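**Q** First the structure, then my questions, so here it is.
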Amino acid sequence: MADHTGGPAGPHPGRSIAISFLGDPNSVHVRRFATYFAARGHRVTLLVPNDLELRAGFSADIAIVRFRGQSGWRVPQLGLLATGWSARRAVARSRPDVLQVHYLTVNGFRAWSSGFHPCVVTVWGNDVLIDPRRSRRARILARLSLRSADLVTGLTKHLVDAAIEFGAKPERTRVLHFGVDTALFSPGPDPTGLRARLGLTGRRVLFSPRIIDRLYRHEVIIEALAALPQDVTLVMTRYFANAEVQAELERLIADLGLTERVVIAPETPYSDRPDFYRLADAVVSVPETDGGPVSLIEALAVGRPIVCSDLPPVREWLEEIDPAGLVPVGDVAATAAAIRTALDTEPAERAEISRLGREAVLQRADQSRTMAELERLYLELAAGGSPNR
């Protein structure tokens, strides 16, 4: 998959620092962060477990340092300790000024094991909303990781509050979205070429941008589709799809007689993603839990109406823009009704929702602003300070 990072403003005019990233290097978000700061002239290193295959696409300016992963251990606790010590050595070899951790689960413990400061932990969602509640051990690891962090960031207030509940010091937290490239994700003409390739000419389109996996409840969307007019087609993507879940969904699609009304598109470059939003008459995202979906922000930036699970991080965005798009988790009838409302919205009202959504993204989640703020925080921490609130 090609990566588009939405070009930074150019090399940093002042001090450059060394930043080591500990997170999934195949995540488009981790890649955006690493590529952005390397392009700004900072020395960037990715710390990668040796049992993880690294997908192509990184700039030669980004260094890779491997450490021992957790696979192959019969006793998980021993694997966790071993990977922690190995990560500690990897951090030392990378000689960072700032260690940036993406996703608290496991990676937070690895950072804590390294003993390195300053350390920034970014929580994503399930890593702080669900995982620490599953076991006493997970709570202890989360608390160790969050208490020791010099800064904890989260995409929404809901995530930051959860991090505080599990040990983050309030004065060391910040709501800071990943951000989206609002030049790339912007309103635009109907992508007639893409529409033709997917066989969607003359049809109304729902786009489900989430990965095909159990968490994202695509079966709810598919069952809702069955209650919608015949000219409505659902588009999903194979990007990082769980093969078992995809097979289950394909059986459901066949059982409901929807084979001609569902398109599972092949994996495409990230730079092509805005056209999938522009193709859509409505975007649908109905997971059972969420930390503050980037896909929601991408849809709003492109100016598309969106139907989402009524979860606290989502409500922080949609309550003032389009509360009719909020639906209870797992409620097929409510999801179908909300989609129908979005499809039937009058043009003037639709234009106003589009305007409000894009304006909110420009104010709160424009990548150029969020990255600039994170860079400021990195520089301040590297200089021995603490982040100003």
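**Q** For residues that are buried (at least 19 other Cβ atoms within 10 Å of the Cβ), modelled with pLDDT of 90 or more and not in a helix (DSSP H, G or I), tally how many sit in the stretch 360-389.
**A** Total satisfying the criteria: 2.
**Q** Here is a check on your reading of the model: is Ala342 touching a residue at least 60 places away in the same chain (Cβ under 8 Å), of a type in the set (A, V, I, L, M, F, W, C) and touching a strand residue (DSSP E or B) at 6+ places or on another chain (Cβ under 8 Å)? So that I can check it myself, show each step before the final result.
**A** Numbers: touching a residue at least 60 places away in the same chain (Cβ under 8 Å): yes; of a type in the set (A, V, I, L, M, F, W, C): yes; touching a strand residue (DSSP E or B) at 6+ places or on another chain (Cβ under 8 Å): yes.
It is true that Ala342 is touching a residue at least 60 places away in the same chain (Cβ under 8 Å), of a type in the set (A, V, I, L, M, F, W, C) and touching a strand residue (DSSP E or B) at 6+ places or on another chain (Cβ under 8 Å).
**Q** While we're on this one: For the stretch 229-270, name all the residues that are in a loop (DSSP other than H, G, I, E, B) and under 30 Å from Leu184 (Cβ atoms).
**A** Within the stretch 229-270, the subset in a loop (DSSP other than H, G, I, E, B) is 229-231, 238-242, 256-258, 266-269.
Hits for the stretch 229-270 are Asp231, Arg238, Tyr239, Phe240, Ala241, Asn242, Pro266, Glu267, Thr268, Pro269.
**Q** How about the stretch 107-125: which of its residues are surrounded by fewer than 19 Cβ atoms within 10 Å (Cβ to Cβ) and either farther than 23 Å from Ala382 by Cβ or at pLDDT 95 or above (or both)?
**A** Here is the first cut: in the stretch 107-125, the ones surrounded by fewer than 19 Cβ atoms within 10 Å (Cβ to Cβ) are 115, 117.
Across the stretch 107-125, the qualifying residue is only His117.
**Q** On to the next question. How many residues, within the stretch 157-172, are under 11 Å from Thr122 (Cα atoms) and either at pLDDT below 95 or not small (Gly, Ala, Ser) (or both)?
**A** Matching residues across the stretch 157-172 total 2.
**Q** Given the condition modelled with pLDDT under 90, farther than 30 Å from Ile164 by Cα and not basic (Lys, Arg), answer yes or no: does some residue in the stretch 74-87 qualify?
**A** Among the residues of the stretch 74-87, at least one is modelled with pLDDT under 90, farther than 30 Å from Ile164 by Cα and not basic (Lys, Arg), which makes the answer yes.
**Q** Ok, one more. Does any residue of the stretch 196-209 turn out to be part of a loop (DSSP other than H, G, I, E, B) and under 20 Å from Gly125 (Cβ atoms)?
**A** Yes, that holds for at least one residue.
**Q** All but one of (1) surrounded by 16 or more Cβ atoms within 10 Å (Cβ to Cβ); (2) over 24 Å from the mean Cα position of the chain (by Cα); (3) under 22 Å from Tyr378 (Cβ atoms) hold for Ser86, so report the exception by its number.
**A** Going through (1) surrounded by 16 or more Cβ atoms within 10 Å (Cβ to Cβ); (2) over 24 Å from the mean Cα position of the chain (by Cα); (3) under 22 Å from Tyr378 (Cβ atoms) one by one, Ser86 breaks only (3).
**Q** All but one of (1) within 21 Å of the chain's Cα centre (by Cα); (2) assigned to a helix (DSSP H, G or I) hold for Val152, so report the exception by its number.
**A** Here Val152 clears every test but (2).
**Q** Still on this structure, please answer the following. Residues Thr201, Thr182: which one is more than 23 Å from Ala333 (Cβ to Cβ) and either outside the structural domain of Val294 (by TED's automatic domain parsing) or out of contact with any Lys or Arg (no Cβ under 7 Å at 6 or more places or on another chain) (or both)?
**A** Answer to the selection: Thr182.
**Q** Considering the stretch 201-235 alone, what residues qualify as being of a type in the set (A, V, I, L, M) and modelled with pLDDT under 95?
**A** Ile211, Ile212, Leu215
**Q** Quickly run through the stretch 195-226 and pick out the residues that are exposed (fewer than 14 other Cβ atoms within 10 Å of the Cβ) and either in contact (Cβ under 8 Å) with a residue 12 or more places away in the chain or not charged (D, E, K, R) (or both).
**A** Residues of the stretch 195-226 that are exposed (fewer than 14 other Cβ atoms within 10 Å of the Cβ), as a first pass: 196-197, 199, 201-202, 214.
Ala196, Gly199, Thr201, Gly202, Arg214, listed by residue number.
**Q** Still on this structure, please answer the following. Within the stretch 180-194, does at least one residue satisfy the condition of being modelled with pLDDT of 95 or more, surrounded by 19 or more Cβ atoms within 10 Å (Cβ to Cβ) and more than 23 Å from Gln367 (Cβ to Cβ)?
**A** no
**Q** Could you say whether any residue in the stretch 159-171 is surrounded by fewer than 20 Cβ atoms within 10 Å (Cβ to Cβ), in contact with a Cys (Cβ under 6 Å, 6 or more places away or on another chain) and under 14 Å from Gly108 (Cβ atoms)?
**A** Initially, the stretch 159-171 is screened for residues surrounded by fewer than 20 Cβ atoms within 10 Å (Cβ to Cβ), giving 161, 164-165, 167, 169-171.
Then keep just the ones that are in contact with a Cys (Cβ under 6 Å, 6 or more places away or on another chain); that gives none.
Among the residues of the stretch 159-171, not one is surrounded by fewer than 20 Cβ atoms within 10 Å (Cβ to Cβ), in contact with a Cys (Cβ under 6 Å, 6 or more places away or on another chain) and under 14 Å from Gly108 (Cβ atoms), which makes the answer no.
**Q** Now a separate question. From the residues in the stretch 241-265 that are among the hydrophobic types (A, V, I, L, M, F, W, C) and free of Cβ contacts under 8 Å to residues at least 24 places away in the same chain, which one is nearest to Ala227 (Cα to Cα)?
**A** So the residue we want is Ala254.
**Q** Is it the case that Tyr277 is within 20 Å of the chain's Cα centre (by Cα), among the hydroxyl-bearing types (Ser, Thr, Tyr) and surrounded by fewer than 24 Cβ atoms within 10 Å (Cβ to Cβ)? Give the derivation first.
**A** Working: within 20 Å of the chain's Cα centre (by Cα): yes; among the hydroxyl-bearing types (Ser, Thr, Tyr): yes; surrounded by fewer than 24 Cβ atoms within 10 Å (Cβ to Cβ): no.
Judged against the criteria, Tyr277 is not a match.
**Q** Is it the case that some residue within the stretch 321-328 is surrounded by fewer than 16 Cβ atoms within 10 Å (Cβ to Cβ) and in contact with a strand residue (DSSP E or B) (Cβ under 8 Å, 6 or more places away or on another chain)?
**A** The answer is yes, given that some residue of the stretch 321-328 is surrounded by fewer than 16 Cβ atoms within 10 Å (Cβ to Cβ) and in contact with a strand residue (DSSP E or B) (Cβ under 8 Å, 6 or more places away or on another chain).
**Q** Hey, another quick one. Might you check whether a residue that is assigned by TED's automatic domain parsing to the domain that holds Asp290 and more than 21 Å from Glu260 (Cβ to Cβ) occurs anywhere in the stretch 216-230?
**A** yes
**Q** Just give me the residues in the stretch 307-317 being within 17 Å of the chain's Cα centre (by Cα) and buried (at least 21 other Cβ atoms within 10 Å of the Cβ), in sequence order.
**A** Once the filter is applied, which keeps residues that are within 17 Å of the chain's Cα centre (by Cα) and buried (at least 21 other Cβ atoms within 10 Å of the Cβ), the stretch 307-317 yields Cys308, Ser309, Leu311, Pro313, Val314, Trp317.
**Q** If you go through the stretch 127-149, how many residues are crowded, with 18+ Cβ neighbours inside 10 Å and not aliphatic (A, V, I, L, M)?
**A** 5
The values are calculated or read from the model by the stated rules, or taken from the named source; none is laboratory data. Quick caveat: nothing in here was measured; it's all calculated off a predicted structure. When we count neighbours, we look across all protein chains shown, and the Cβ atoms used for this are built from the backbone with ideal geometry, even at glycine.
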